[in-house]
Amino acid sequence: MKKVIFVCLGNICRSPMAEMIMDQLVDQQGLTNEIQVESRSTSTYEIGNEPHPGAIAELKQRNVPLVKHQAKQITTDDFESADLIIGMDKQNIIDLKQMAPQSAQNKIYLAFSSMNKDAEVQDPWYDHNFNRTYRQLMELLPAWLEKLK
Ligand code: 4NP
C-alpha cells in the first residue's frame, strides 16, 4: 500500500479536491487496495471544518464522488507514514520543508512537478474560481498516479 498526502494552506479547498479527484482516478483504475489518498493543511486556520461549499459544488458538477472530510493539520506521523507529500503552491513547500523531519524531506513535491512545470495550483480562496482548481488538478493528478503505480 502506498500513501499520498495532498497538502494546502487550509485543507478546505485545493487539497480536499485533490484527494477526492485522486480517489476517483484510483478507483477507476482498480487500485483502491494499493493506493491510499489523504489530505492535510499546513496551517491551523480551518481545523475541523468541512470543505468549502464552492469546492463541493465543483466536485458534484464534475461527478467526483464526495468523501466526508474535516480539515486536519499535517502531523509528524503523517510525514513518517506517507510515501509522497504533495503541496499545491510554493509557500506550501516552504512550510512543509520547515515542518518535516529530516527523514521526510525527500517525500515533498510541488503538485505541478509531475508535469515538469514550475507552476502553482492557485488558491481559490479569494476569487472562488473552483473550476480553475479542478482543471489544474485534472492536468497534474494522472501523472502522479502513474508515478505511484
Ligand atoms: P486552501 O484554501 O489552502 O486551498 O484550503 C484556503 C483556505 C483557507 C484560507 C486560505 C486558503 N484561510 O486563509 O483561512
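Give me the dipole magnitude in Debye, nearest 20, for the stretch 70-149 about the Cα centre, with unit charges on the beta carbon: positive for Lys and Arg, negative for Asp and Glu.
With Lys and Arg at +1 and Asp and Glu at -1, about 180 debye.
Taking the Cα centre of the stretch 1-131 as the origin, how large is its charge dipole in debye, to the nearest 20, when only Lys and Arg (+1) and Asp and Glu (-1) carry charge on their Cβ atoms?
It comes to approximately 80 debye.
Please give the contour-minus-distance gain from residue 57 to residue 125: 0.36 nm per residue of separation, less the Cα-Cα distance, rounded to one decimal in nm.
So the extension gain works out to 23.1 nm.
Report P(r) for the stretch 51-149: all Cα-Cα distances, bin width 10 Å, range 0 to the bin holding the largest distance, values in whole percent.
14, 40, 40, 6, 0
Return the FRET efficiency for the residue pair residue 106, residue 68: r is the Cβ-Cβ distance, R0 is 41 Å, and the value is rounded to the nearest 0.05.
Once the sixth-power term is evaluated, E becomes 0.85.
For the chain, with the dipole built from +1 on Lys and Arg beta-carbon atoms and -1 on Asp and Glu ones, taken about the Cα centre, which of 116, 131, 36 lies farthest toward the positive end?
Final value for the positive-end residue is 116.
Total Lys pairs in the chain closer than 13 Å by alpha-carbon, pairs eight or more apart in sequence or interchain only?
9
Where does the chain land at 222 nm, in deg cm²/dmol rounded to the nearest 500, when only DSSP H runs of n ≥ 4 count, each adding -39500 (n - 2.57), divided by all residues?
For the chain, the value works out to -12000 deg cm²/dmol.
Compute the Cα gyration tensor for the stretch 13-93, then decide on rounded, prolate or oblate, letting a ≥ b ≥ c be the square roots of its eigenvalues: rounded whenever a/c is under 1.5, prolate when a/b is larger than b/c in the other cases, and oblate in all that remain.
oblate
Each reported figure results from applying straightforward, stated rules to the coordinates on display, with no laboratory input. Everything numeric here is computed off the predicted structure, so don't read it as measured data. We place every Cβ from the backbone using ideal geometry, glycine too, and count neighbours over all the protein chains shown.
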